[in-house]
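Chemist: I am attaching a structure below and will ask some questions about it afterwards.
Read-outs throughout are calculated quantities, based only on the coordinates presented, and are distinct from any laboratory measurement. Keep in mind it's a predicted model, so treat the numbers as computed, not measured.
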Amino acid sequence: MSDLYTKKEVKEYVTDVAHERPLGVSIAAILLIFNGALLLVTQLLTLNALNEASTLVGICRGMFQGFIALLGLAGTTAGVGMLLGKKWAWWLAVFYFTYETMRYACAILFIPDVPPVLGGVQLSSALYYIKYGMRIIWNLSFTLFMCHSKVPGFFKTNEVNKWRACIALLLINGVLAAIGWRLLN
């Protein structure tokens with residue numbers, strides 16, 4: 001039996017099988033790249049409007065624009081890293097999805113304050129709750145997917161306690177949101 005396969009052939013087979021990218025990882029990566037690139041392009045196209053919005057909210061223009069650019073770059077970078085199967089991409093993607101979850105949770109908390117401040121098109125509060133509630137579900141779904149058994153195996157993060165990492169990232173992003181809220185008030 002040992003003559004059938006050499007040690008090298010067995011190692012290559014195990015390595016190739018273990019590193020096949022799950023379809024969901026490809027989909028998530030493409031969505032991250034698209035979302036990040038779209039955010040960067042939108043930022044460039046609406047530069048003046050975002051500067052005015054930062055003034056309305058009371059945030060420094062450079063910090064506001066820089067943070068939007070950083071978020072767009074994080075999404076694009078995470079997507080590219082996921083396509084390449086990089087270990088750091090798993091962490092960046094989970095951070096991105098947990099950040100988005102917390103950001104939309106904060107949006108739900110402040111919905112009564114948002115429409116009057118922004119002006120423009122006014123939707124009913126119920127539509128805002130539905131919109132941001134769906135976004136929370138969407139990003140939580142991707143966070144849970146990133147912890148699914150095959151995904152960490154692809155990124156070689158099996159040794160990480162995935163649930164503890166996700167909870168820690170949700171807490172970190174919650175603290176960031178609280179600091180941002182505190183700075184605005």
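Chemist: Could you run the Karplus curve 6.51 cos²θ - 1.76 cosθ + 1.60 with θ = phi - 60° over region 61-71 and give me ³J(HN,Hα) per residue in whole Hz, x for Gly and Pro?
Modeler: 4, x, 5, 4, 5, x, 5, 5, 5, 4, 5
Chemist: Can you run phi through the Karplus equation (6.51, -1.76, 1.60; θ = phi - 60°) for region 148-155 and list ³J(HN,Hα) in whole Hz, with x for Gly and Pro?
Modeler: Using θ = phi - 60°, the values come out as 4, 4, 6, 5, x, x, 5, 8 Hz.
Chemist: Roughly how far apart, in whole Å, are the Cα centres of region 126-140 and region 50-83?
Modeler: After rounding, the separation between the Cα centres reads 21 Å.
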